[in-house]
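The values are calculated or read from the model by the stated rules, or taken from the named source; none is laboratory data. For clarity, every value in this text was computed on a predicted model and none was experimentally measured. Cβ atoms come from the backbone with ideal geometry, glycine included; neighbour counts cover every protein chain shown.
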Amino acid sequence: MQKRLILLASICLLFVPGLLFGAGKEAKSTPKKFKPPVVTLNRVEVAHYWGYWFYGGKVEVTKGKAGNNGAPLDLNFVFDIKNPNPFPVAMENLTFSVAFEDFDLNTVVSQEVMWIPAGKTNQLRVSAMFDIWQSFLSLGVTGGLKLQEKGIAVHDQLEKWWTGIPDFSFPVHVKEGSAVFKADKATAVSAFSGTYPK
């Protein structure tokens, strides 16, 4: 019995000072210790596909109102988010631009809050919808002169992309990406870009 008491007292002497002086506490984040997580484009997926079609506002429709309407294109952008810190980090938002080949088409924002555990990598899937008419307007503004120099009509370029996207026959670029991360009272911003297929 006495030997057991001595053994118990010895164990307490080993562990109590550690508990009193914070040996078991989680690592705290400070601006100097907070490393920005790394955001990497893993892949792009075609979530839904309806082919390529467009009809203008003068076309008589069977139901509903006439208008400039075209095939939507629903893409998923899958990102790997690596937390190099010894504490969990919250991603508060993520923003990036999308370009097909060399032409900017859309800006995508995700407000989904995600916690990334210490030293781990999470995946985030961000959906983005592209529409023929909106893409026509965007492409006409941002790339109209470039297409004109190449002798390519805007609708011809869109048809090439919409029919080629199932096979990813052209590069899809993620550009000017930024993600905001927080841990405790510290904030960090990670810049990122990527291309798929690589």
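For residue 45, are the conditions met, namely being assigned to a strand (DSSP E or B) and charged (D, E, K, R)? In short, yes. Given the criteria under 24 Å from residue 42 (Cα atoms) and buried (at least 17 other Cβ atoms within 10 Å of the Cβ), does residue 113 qualify? It is false that residue 113 is under 24 Å from residue 42 (Cα atoms) and buried (at least 17 other Cβ atoms within 10 Å of the Cβ). Among the conditions (1) loosely packed, with under 14 Cβ neighbours inside 10 Å; (2) more than 30 Å from residue 88 (Cα to Cα), the only one that residue 131 does not satisfy is (1).
Every condition in (1) surrounded by 13 or more Cβ atoms within 10 Å (Cβ to Cβ); (2) over 19 Å from residue 168 (Cβ atoms) holds for residue 57 except the one numbered (1).
Screening residue 150 with (1) at pLDDT below 95; (2) in contact with an Asp or Glu (Cβ under 9 Å, 6 or more places away or on another chain); (3) surrounded by fewer than 16 Cβ atoms within 10 Å (Cβ to Cβ) gives one miss only, at (2). Of the residues making up region 156-198, those that are closer than 23 Å to residue 70 by Cα and either surrounded by fewer than 17 Cβ atoms within 10 Å (Cβ to Cβ) or among the charged types (D, E, K, R) (or both) number 11. Among the residues of region 35-53, at least one is over 30 Å from residue 186 (Cβ atoms) and either at pLDDT below 90 or exposed (fewer than 11 other Cβ atoms within 10 Å of the Cβ) (or both). For region 91-110, a residue qualifies if it is surrounded by 13 or more Cβ atoms within 10 Å (Cβ to Cβ) and farther than 15 Å from residue 195 by Cβ, and the qualifying residues are 91, 92, 93, 94, 95, 106, 107, 108, 110.
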